[in-house]
Amino acid sequence: MTHAPGDPRQLLIVEDDDAFARTLKRSFERRGYVVEAAHSPEEMDALLATFRPGYAVVDLKLGGASGLACVQTLRAFDPAMRIVVLTGFASIATAVEAIKLGASYYLAKPSNTDDIEAAFERSEGNAETPLDARPSSIKTVEWEHIHQVLVETGFNISETARRLGMHRRTLARKLEKRQIR
């Protein structure tokens with residue numbers, strides 16, 4: 001995304017954690033961005049009626065709604081928009097889906113303004129990225145499977161637990177243990 005010198009970069013933050021959204025907003029404003037924040041997909045849609053962002057930061061899980069739907073909406077709104085997805089529940093399945101739907105980059109929380117701004121500028125993959133020679137642990141494989149089913153069910157805990165054949169409270173405990181804050 002290019003902008004003329006002196007032209008303010010416009011950023012939309014879609015994040016349901018009010019404190020985190022405020023912190024990001026202030027930090028990006030100090031860097032010269034014009035920033036608006038939405039706490040839900042509905043607020044995002046309302047803002048897009050008057051705000052034309054070239055950049056977006058979208059939380060993957062928005063109080064029961066999926067940030068992936070927001071990515072899809074934002075990509076349709078402006079195919080050139082640079083979109084970074086943030087998540088406290090990082091998994092390969094959601095990273096792949098986010099990129100397929102039009103996200104430019106996918107970051108696990110906690111991520112700071114430097115990480116996000118660097119992600120905006122990355123437009124190509126890096127073939128020099130080192131490959132991890134270690135095989136995935138059973139816990140990692142389990143977590144990725146759980147997260148894939150979560151995505152398939154739109155983050156519905158009860159339906160995910162049913163599909164996985166486990167009690168809802170057991171799933172909730174596993175999610176609490178793996179949450180990245």
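The values are calculated or read from the model by the stated rules, or taken from the named source; none is laboratory data. Bear in mind that the values here come from a model prediction, so they are computed numbers and not experimental data. Surface areas here come from the heavy atoms of the whole protein model, side chains and all, with no ligands, DNA or RNA. Shrake-Rupley method; radii C 1.70, N 1.55, O 1.52, S 1.80 Å.
Annotations
- Prolate/oblate/rounded call for segment 1-115, Cα gyration tensor, a/c under 1.5 rounded: rounded
- Nearest-10 value in Å² for the accessible area of LYS100, using the 1.4 Å probe: 150 Å²
- Largest accessible area first, the listed residues THR170, THR23 line up as THR23, THR170 when surface is computed with a 1.4 Å probe on the assembled protein chains.
- In order through segment 49-62: 3J(HN,Hα) via Karplus (6.51 cos²θ - 1.76 cosθ + 1.60), integer Hz, x for Gly, Pro: 5, 10, 10, 10, x, x, 9, 8, 10, 10, 6, 5, 10, 10
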